[in-house]
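Peer 1: Take a look at the following structure, please.
What follows draws every value from the coordinates through simple rules; no lab data is involved. The structure displayed is predicted, hence computed values, not measured ones. Cβ: placed from backbone, ideal geometry, glycine included. Neighbour counts: every protein chain shown.
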Amino acid sequence: MSNPTNDLPQATEHRLEELEKGLFTSDLSVNEFLLIKEVGFHPVGFVMGSSIYHTGIQTRKWSQSQELTKLTEAMYNARELAMNRMEEEAAELGADGVVGVRLDVNYYEWGKDAAEFIAVGTAVKAEDGVSRLNQLGKPFTSDLSGQDFWTLRQTGYMPQGLVMGTCVYHIAHRGIGQTLGTTGQNVELPNFTQALYEARELAMTRMQDEAARLGASGIVGVRLEEKSHQWGSHTIEFLALGTAVTKTSEEMTLAKPTTIISLDN
Amino acid sequence: MTPTPSDLPEAAKRRLSQGAFTSGLSVSDFAACLEMGLEPLGLVQGFCAMQWTTFGSFGRGVTPFAGSSSGYVENYQCPHGMISSEHRMWGQNYEQTWIENSWRDGFNSAYSRMLEEAGTLGAHGVVGLIDSEGPLSDVGVVEFHLSGTAVRVLDAPAPHHVWSTYLAGQRLAKIFEAGYAPVSVVSSVASVRVLSSCITEYLMGGTGAMWSVNAETTEIEQIVSAQNESRAIARSFVRAQLHGDALHGASMTGLTREFAQGDLEIQSRLSGNRIRRFKDFDPLTAPRPTVRLS
Amino acid sequence: MSAPVPEIPLDLRAEVRRAVASLDHESRDSGSMTSDLSIDEELNLHSIGWEPVALVSGVSVFSVPVGCWNWGQGEIAVASAAQAHAFHHAITRIHTEAANVGGHGVVGVHIERLVYSTHIEVSLVGTAVRPVGAGAINGSGIFVSDLSARDFTLLMIAGWEPLGLATGASFVFAPRRSVATVLQQQSQNVELTNFTEAMYSARESAMERMQQSALAMHGTGVVEVKVVEGPMRFAGHAVGFVAVGTVVRLAKTTHQLIHPTMVVSLNDQNVAFDAQTLA
């Protein structure tokens, strides 16, 4: 079982060994648990990965909109590390994948410019013994809930991996002269439009590149998050996240919904 | 499909030319799309950053604003016959057509860019549209942002125009089942400026009783008129975009801003889905009432 | 769970293709209907033979003399009156708009109520509805209700009809305690009876006024009563009680039972009302 290349802490090894004896832990609700069983998977354990990362400083030009590549790299690598560790934990448990993955960023008082990136989720294993590892031979990851996982399986799709792309962008300040307005009219500011367009499209392209590496046929549930973290309002991280999927069966088994009127409040 | 020269940035074109689809839909909406025979092609978006000031809002002039030729204007005269620099001689409600027009420009630019992205993908329609507009980091910049999931109807030819809707998933499926086809999203903003008359100002200041003997509480006509009028204008804008089609799932919201004492802007925003009937309504059987066991 | 009623399967994909193809042809008149209902609500309405007509609204703002919030005793009559008038005028306006578009009633009315120290505002937005294709009716027969289209449907199935909105408002001053009393009560657990009494009676009079307006409509009940109460943001010693509900009356001779089916939901989120997938 022990994989010589993994870098998980000792306590983790111990916890996972216990889980291999047949006990499972999970943060799934009973509903989610039942639905995951319904599509032939069994939860094997609650897994997590973490990385505390020091994000460097990059100088920004006051009046120029540009990507801050160093910060982009930091934000990406840190999440990637946390995700990898979570995947390693899942692999240790012999899992085929992880569902309900949540990615969080924590800031602590003791670490200036340092942030903890965390990934948590529930590892699951196919009950028929057929491997569902993704194209890269790793457990698939996804931020789908138990309900969503069930629904996706009914459409004949299988998750391949939680994919993400990020872009930290500095948006130019406008000079006083510009702010006071040249024309006295509400008009488009093409430079701003372009900068924002560029930043978001970059994040999405990077996410799609990840999906392409997994040989996925698509990405569902794409979210675009915008956060300034602790950099001030002109520096924004655009983070695109979604679950890459591939079609594994032509069969659509979704039942026709019944129209009901619920009397519950 | 797109007669206008493309103004999409390079990054957008690069992304859209890639193979795999992306979709901003939730899994259940995604499943419903497949069920309907809508193939998701990609998440599409459009932006427009606008310089935004309340310019033209010159505030109170010496005499009432003459009004634009088309907009709503209503004048209120002081009934007291007092001439004093501290007493409002007149009051006025007027429609700020330039605000309405800039808003429409911003929304439409973002919307047409989104459709252009959809066109690049060979999409037939855009579902699950989300729109937002808000101030950007800098003062005086407002960004309009629209995004949605571009889809193609399986085994169907491309329509002349790309259609769009805020709806997705089961709700959209039921729209089709009920005999409607989505045409486009529609959205409008009405803006009415209120320069208070003396009476309005006293009433809004809570000192109206000074000027009338018995009325302890009275309706503030000028504000009421501005409120009802701005809602009527927003609805008339939307109706003008319907061309005989229906508006479904609308939402109307109001916003009041105060620039200075006795100087307000009352905005109404209305948006919804323009839909068209393509077959007679086939009433569904009464839904089954259920009680959840929990 | 009983098997769902067998339905003639509709080829959804073919319907979608047909719908989309129709967009390229001349538009067929959709009646210029405007509504803020969801498709579920619209389908619900149709299942009992009703349809949405148009989005309607009504706003009213009434002034309040600023001095009325200064310390006093008992009810702040002018504020209660302003609230009552603002409700009345806003309801009249949405009612008139509904009559103008040929509606027989307004459902799903969103009520936005704002109280400032100098004025009270009520704004209403809802969708006018009517039995499919029906002509305009006499204004007095038009109802305004904050019940959702779904609740309206259920109510109609059960043989009841909405008549209008009943409202009641009461603004009062919290009683004063003398410094000596405050000091005396500081270390004790005692009921502040005069407070209890003041709040109690204010709540009662708001409810009483709402009931009066329901009786005036010849209703036999008020459902979904919502009572909003609390101190004013701008004057903590003034407390407002406002009650709103929909007046109903039995339209058929007897109440019709609806016989609900019991289901177990596997959704975590509580979807209060939606057509759901029961697998």
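Peer 1: About the Cα centre, and with charges only on the beta carbon of Lys, Arg (+1) and Asp, Glu (-1), how big is the dipole of the range C:33-250? Nearest 20 debye, please.
Peer 2: Using only the charged Cβ atoms, the result is roughly 520 debye.
Peer 1: Shifting gears a bit: Roughly how crowded by other chains is peptide C:120-127, in terms of the mean Cβ count from those chains within 10 Å of each of its Cβ atoms?
Peer 2: That works out to 3 on average.
Peer 1: If you average the alpha carbon positions of the range B:176-193 and of the range C:91-154, how far apart do those two centres end up, in angstrom?
Peer 2: Centre-to-centre distance over Cα atoms comes out at 21 Å.
Peer 1: Check which residues have an amide H placed less than 5 Å from residue A:228's amide H, if you skip close sequence neighbours.
Peer 2: A:237
Peer 1: Once amide H atoms are placed 1.01 Å from N in the peptide plane, what residues at a sequence separation of 5 or more from residue C:104, or on another chain, have their amide H within under 5 Å of its amide H?
Peer 2: C:129, C:130
Peer 1: Given R₀ = 30 Å, what would the calculated FRET efficiency be for residue C:233 paired with residue C:197, taking r from the Cβ atoms and rounding to 0.05? Before the final figure, lay out the partial values.
Peer 2: Values: r = 25 Å, r/R0 = 0.82.
Rounded to the nearest 0.05, the efficiency is 0.75.
Peer 1: Which residues' amide hydrogens lie under 5 Å from the amide hydrogen of residue A:125, considering only partners 5 or more residues apart or on another chain, with H built in the peptide plane?
Peer 2: Those lying under 5 Å, H to H, from residue A:125 are A:42, A:44, A:96.
Peer 1: Here's a follow-up. If we sort B:106-116, C:176-186 on the protection proxy, mean other Cβ atoms within 10 Å, highest first, what's the order? Please report the intermediate quantities before stating the final value.
Peer 2: Details: B:106-116: 21.5, C:176-186: 10.2.
The densest-packed peptide leads the list: B:106-116, C:176-186.
Peer 1: Only Cα pairs under 8 Å and at least 6 apart count here; give the relative contact order of the range C:33-250 as a rounded whole percent. Don't jump to the answer; show the numbers that get you there.
Peer 2: Values: 470 pairs, mean separation 48.3, N = 218.
Answer for the range C:33-250 is 22 percent.
Peer 1: I'd like the orientation of helix C:77-100 relative to chain C: the angle between its Cα long axis and the longest Cα principal axis, in ° from 0 to 90, rounded to 10.
Peer 2: 10
Peer 1: With a point put 7 Å past each Cα toward its Cβ, work out how far residue A:33 is from residue C:178 in nm, to one decimal.
Peer 2: In this crude label model, residue A:33 to residue C:178 measures out at 6.5 nm.
Peer 1: At a 10 angstrom cut-off on C-beta neighbours, averaged per residue, how do the peptides C:123-136, B:39-52 rank from highest to lowest?
Peer 2: Working: C:123-136: 19.9, B:39-52: 24.6.
Descending packing order for the listed peptides: B:39-52, C:123-136.
Peer 1: Once you average over the residues of B:38-44, how many Cβ atoms of partner chains fall within 10 Å of each Cβ? Write down the numbers at each step before the final one.
Peer 2: Values: counts 3, 1, 3, 1, 5, 9, 0.
The per-residue average across the peptide is 3.
Peer 1: Using the alpha carbons of the range C:33-250, what is the convex hull volume per residue in cubic angstrom, as a whole number?
Peer 2: Output value, Cα hull per residue: 134 Å³.
Peer 1: Round to the nearest 10 and give me the degree value, 0 to 90, for the angle of helix C:12-22's Cα axis relative to the longest principal axis of chain C.
Peer 2: 90
Peer 1: Which entries of A:21/A:138; A:138/A:227; A:61/B:13 have Cα-Cα distances beyond 25 Å here?
Peer 2: As for pairs spanning more than 25 Å Cα to Cα, those are A:138/A:227; A:61/B:13.
Peer 1: Follow-up. Mind giving me the nanometre distance, one decimal, between the label points for residue C:32 and residue A:229, set 7 Å out from Cα along Cα→Cβ?
Peer 2: 5.4
Peer 1: For chain A, what is the largest minus smallest coordinate of the Cα atoms on each principal axis, given in angstrom and ordered from greatest to least?
Peer 2: 68, 52, 41
Peer 1: Still on this structure, please answer the following. Which whole-Hz ³J(HN,Hα) couplings does the range B:142-151 yield from phi under the Karplus relation 6.51 cos²θ - 1.76 cosθ + 1.60, θ = phi - 60°, glycine and proline marked x?
Peer 2: 10, 10, 9, 9, 10, 8, x, 10, 6, 10
Peer 1: Here's another thing I want to ask about it. Tell me, what is the FRET efficiency for residue C:77 and residue B:98 to the nearest 0.05, using R0 = 51 angstrom and their Cβ-Cβ distance as r?
Peer 2: So the FRET efficiency works out to roughly 0.70.
Peer 1: Using only atoms on other chains, find how many Cβ atoms lie within 10 Å of each Cβ of peptide B:234-242 and report the average.
Peer 2: Counting Cβ atoms of other protein chains within 10 Å of each residue's Cβ and averaging gives 2.
Peer 1: Then there is this: Any idea which of C:207, C:98, C:196 is furthest toward the positive side of the dipole for the range C:33-250, if Lys and Arg beta-carbons carry +1 and Asp and Glu beta-carbons -1?
Peer 2: C:196
Peer 1: If we sort C:62-70, B:70-78, C:203-211 on the protection proxy, mean other Cβ atoms within 10 Å, highest first, what's the order?
Peer 2: Numbers: C:62-70: 21.0, B:70-78: 15.3, C:203-211: 18.9.
Taking the mean over residues of other Cβ atoms within 10 Å, the ranking is C:62-70, C:203-211, B:70-78.
Peer 1: Hey, for a label at residue C:250 modelled as a point 7 Å past Cα toward Cβ, could you say which residues of the range C:151-185 have their backbone N under 17 Å away?
Peer 2: C:155-163
Peer 1: With a Förster radius of 56 Å, plug the Cβ-Cβ distance of residue A:73 and residue A:263 into 1/(1 + (r/R0)^6) and report the FRET value to the nearest 0.05. Intermediate values should be presented prior to the final figure.
Peer 2: Numbers: r = 54 Å, r/R0 = 0.96.
It comes out at approximately 0.55.
Peer 1: Suppose every Lys and Arg Cβ carries +1 and every Asp and Glu Cβ carries -1, with no other charges. What dipole size does the protein assembly as shown come out with about its Cα centre, to the nearest 20 debye?
Peer 2: Charge dipole, the protein assembly as shown, about its Cα centre: 1040 debye, nearest 20.
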